[in-house]
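Encoded as structure tokens, the structure appears first; notes follow it.
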Amino acid sequence: MARKVDVEKLISYSDDLVQFLKTEKDINFLKHCVEQSDGLRSRCLSDYAGVQTSLQGYYKKIDMCKQKTEDAKAEVVSDAEIHLLHKELDEEMQREALLQEDLR
């Protein structure tokens, strides 16, 4: 029964389409709509390709920035290292001061 209903809907749709396209004016209007639709589709595909290209460029720039950030982080001395170096410098200065006192 469901198959029969689908066929009946299809026949009804076909009849409506035939009624709509009875005149040359209606056919020309449909052709015009299809042409505009094709043009719009073409422009959309072109725009999409441009956006994809831009996105790829932005992703490359983001990756380069991430790499530069990582490189900069690798070059920067950590606070712990600076603290250790200050401590060693202070110890060396104390030893030097003691040696100078001993020399006097």
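Values quoted throughout were computed directly from the atomic coordinates according to the rules given, and no laboratory measurement underlies them. Bear in mind that the values here come from a model prediction, so they are computed numbers and not experimental data. Ideal geometry is used to build each Cβ from the backbone, glycine not excepted, and the neighbour counts take in all protein chains shown.
If the reach is capped at under 24 angstrom between alpha carbons, list the lysines near K73, excluding any in the same chain fewer than eight residues apart.
Within the straight-line limit of under 24 Å, K73 reaches these lysines: K60, K61, K87.
If you average over every viewing direction, what projected area does the convex hull of the Cα atoms of the chain give, in nm²? It would help to have the intermediate numbers written out before the result.
On the way: hull surface 62.7 nm².
Projected over every direction and averaged, the Cα hull of the chain covers 15.7 nm².
With a 10 Å cut-off between alpha carbons and a GNM built on the chain, which of S37, S46, S12 moves the most?
In this elastic network of the chain, the residue with the biggest mean-square fluctuation among S37, S46, S12 is S12.
Quick one: angle between helix 24-75 and the longest Cα principal axis of the chain, in degrees between 0 and 90, rounded to 10, please.
10 degrees
Scan the range 6-83 for trypsin sites (Lys or Arg not before Pro) in coil per DSSP, keeping those whose Cβ has at most 13 other Cβ atoms within 10 Å, and list them by number.
Details: sites: K9, K22, K25, K31, R41, R43, K60, K61, K66, K68, K73; in loops: K22.
Sites meeting the loop and neighbour criteria: K22.
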